[in-house]
Every structure is written in structure tokens, then in C-alpha cells.
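Have a look at the structure below, then the notes.
The values are calculated or read from the model by the stated rules, or taken from the named source; none is laboratory data. This is a predicted model, so every value here is computed, not measured. Ideal geometry is used to build each Cβ from the backbone, glycine not excepted, and the neighbour counts take in all protein chains shown. Each accessible area value is taken on the protein alone, full model and side chains, heavy atoms only, with ligands, DNA and RNA left out. Shrake-Rupley method; radii C 1.70, N 1.55, O 1.52, S 1.80 Å.
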Amino acid sequence: GAGVSQSPSNKVTEKGKDVELRCDPISGHTALYWYRQSLGQGLEFLIYFQGNSAPDKSGLPSDRFSAERTGGSVSTLTIQRTQQEDSAVYLCASSLAGTPYEQYFGPGTRLTVT
Amino acid sequence: GENVEQHPSTLSVQEGDSAVIKCTYSDSASNYFPWYKQELGKGPQLIIDIRSNVGEKKDQRIAVTLNKTAKHFSLHITETQPEDSAVYFCAAVVSGNTPLVFGKGTRLSVIA
């Protein structure tokens, strides 16, 4: 079946602009995660959605970052007033209810802020 | 919170040799330890995992061992092949709806 998809695959934006990154999780997966991967680094947790519960935003690095999940499916990560240090690959993952550990990742969006 | 350390950061082996990647974690409550393989331009792919009630798990050429007392776990790849070349990440998570905490990754190069 279809895996996690993300769009766009690449995004180049000017410093100060806002960007929106999209994630389509695997159908039926109720948990959705956003991670950030900077060059040569591991994956840094950003935000987590589980069903209708309030999202866990503890990993968001600043108030310029926000995310929403509509209808319990598609999620959008928004970065306002982008900075050069926001340049990274943004990865989305999803998992089934009851198996929060087995996360399946999308291909990521490579964001470059010039 | 949980902290995961991963070593080495880079590893080169000859085709056919074994490769071992080691991780340590800090939170003794962690009970799930997955390993992910990330190829260039792709997202991480789960290749094997182990839970705290098991000491070792094997899947063909890949095995993972867990030592809860020492709080470390390792990935073993035998009979390495060029297609094993990738970045490998270990992770740990505490029971419940919490995100994975990842190591910084190991870039494995298998030389033909």
C-alpha cells in the first residue's frame, strides 16, 4: 500500500518568508510525528499528534513553528519568518494506534533558506 | 529526558565482513529500541527492533542485542554487501505515546 508521502520534496525560500510543508500519513494511522534532520545530525523531534488528543508540541524550537492536523489525517507544518538555521530536512512519520513505536517515515522535505 | 549516544559515526568495512554499531541510552525506563536505515535522499526505514523483554533478535543477516543492565544495545550486520551502505540510526523510547529519541547516526560504507 501507499506509504507516508510529503510535499514538496524540495523547497527553497528567502529568509523571512513563511513556508508550509505537507504530510499525508498512511491510511488508518492515527499517530503522526514531525522530525527535523539537520546536515550530519540525527533526527530531532518537533511535534506529535495522536488521534483527537492535544498535540505534544514540546519539541518545537520556537513560536515560529506550528503544525496542525486536519480531519485526523493530513498534517501541515508551518514555519513563519524563516531563518537560515531552519534549513534542514523535515521528516514526517506515522504509526498505528496501539503501536506508537513502529513509526513509518516519509521521504522528507528538504528546506533551504537563502 | 532520554539521551541516546551512537558509535561510531562512520564505519568502513570490506564486503563480506561484519559491521557492528553500538548505542547507549540514559533512561532505564526505555523499553523499545528500533534501528533505522536511511539511504541517500530517502526517509529512514525500520529494519529491526527489540523490546526490553528480549536480549537478542535476529533477522537474516541482521541482529540486535540488548543489555538493559548496562543500558546499551547493538546492531550487527554479517556478510555485508554494497547495498548495506547507508546511514543507520538507533533510537529508544519509553513506554507510552512518546516520540523516538535518536542517536546521531552511523554512516556505513561497504567496500566491494
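Just to verify a result, which residue in region A:20-35, among those that are assigned to a strand (DSSP E or B) and open to solvent by 30 Å² or more (accessible area, probe 1.4 Å), is farthest from the other protein chains (Cβ to nearest Cβ)? Here the answer is A:20. Can you tell me which residue within region A:36-54, out of those that are polar (S, T, N, Q) and assigned to a strand (DSSP E or B), is farthest from the other protein chains (Cβ to nearest Cβ)? Among them, the one singled out is A:37. Does residue B:37 qualify as being touching a helix residue (DSSP H, G or I) at 6+ places or on another chain (Cβ under 9 Å) and either modelled with pLDDT under 95 or within 23 Å of residue A:38 (Cβ to Cβ) (or both)? In short, yes. Quick check, is residue A:86 at negative phi, open to solvent by less than 40 Å² (accessible area, probe 1.4 Å) and of a type in the set (Asp, Glu)? Against the criterion (at negative phi, open to solvent by less than 40 Å² (accessible area, probe 1.4 Å) and of a type in the set (Asp, Glu)), residue A:86 qualifies.
Evaluation of residue A:67 against the conditions (1) in a loop (DSSP other than H, G, I, E, B); (2) in contact (Cβ under 8 Å) with a residue 12 or more places away in the chain shows that the sole unmet condition is (1). Once region B:30-73 is narrowed to residues that are within 10 Å of another protein chain (Cβ to nearest Cβ) and of a type in the set (S, T, N, Q), the residue that is farthest from residue B:18 (Cα to Cα) is B:31.
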